[in-house]
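The next block holds one structure in the form of structure tokens; read it before the comments.
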Amino acid sequence: MKPVAVLYSTRTGQTQKIAQYVVSKLRAFGLEAELRIVARRAAAIDLGRYRGVILAASVHTGKHEREMVKFVVAHLSQLAAMPAAFLSVSLSQAGAERAGESPERHKQFAADVERMVAAFIAETNWHPQKVLPVAGALLYRRYNPLLRWIMKSIARKVGGHTDTSRNYEYTDWAVLERFVQEWAVMIQSREVVAEPYAA
């Protein structure tokens, strides 16, 4: 039986951690899974080796990683012909999930997430069967001084954490596990319904 591919692109490491978690859960649910990073040299990844694929990409300055955009465009026909899901990792999703925000703020953050996913779909022309927005992390202690200052400024504007002496992880692992479990069941049952995500 062919394995499932979990392909990711990341800048500061949280999306890699998410992808590793997805692989571990796929294996726990009885599927063989392989983890691969999508980088400039990864364009030659042969999706024909896999029975399905989950792509995970982080968002920076409102856009998904360029490596993932290029990968999807280069492999569009293969992706369209197989069970595929997309994890969009962003701090906007953290805002959409954050307790204590007003309904208006939650709506604003959710709209930002929707816009970024829609832009990715429009740019790549890929319509995955499943899409899950995933809250990322503020990894201040990993950032260089300039990026730390930029991320703190962004966090201040959106009501996020601004203490740069520590990191903040917002990923909801329980939600991610449920998503992976549902996707694994779908793969195993071979009842993949090609209903493109409606952005």
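Derivation of every value follows stated rules applied to the coordinates shown; laboratory data play no part. Just so it is clear, the structure is predicted and the values come from calculations on it, not from any experiment. Using ideal geometry, Cβ is built from the backbone for each residue, glycine included, and neighbour counts are taken over all protein chains shown.
Which residue is farthest from Ser189 (Cα to Cα), if the candidates are limited to region 34-52 and must be buried (at least 22 other Cβ atoms within 10 Å of the Cβ) and either without any contact (Cβ under 8 Å) to a residue 60 or more places away in the chain or of a type in the set (D, E, K, R) (or both)? So the residue we want is Val38. Here is the figure for region 1-33: residues that are surrounded by fewer than 22 Cβ atoms within 10 Å (Cβ to Cβ) and part of a loop (DSSP other than H, G, I, E, B) total 10. Taking helices (runs of 4 or more DSSP H) as the structural unit, those lying wholly within region 88-199 and holding at least 2 residues that are touching a helix residue (DSSP H, G or I) at 6+ places or on another chain (Cβ under 8 Å), of a type in the set (S, T, N, Q) and surrounded by 20 or more Cβ atoms within 10 Å (Cβ to Cβ) correspond to 91-97.
Only residues that are under 21 Å from Glu67 (Cα atoms) and hydrophobic (A, V, I, L, M, F, W, C) were counted in region 1-34, giving 8.
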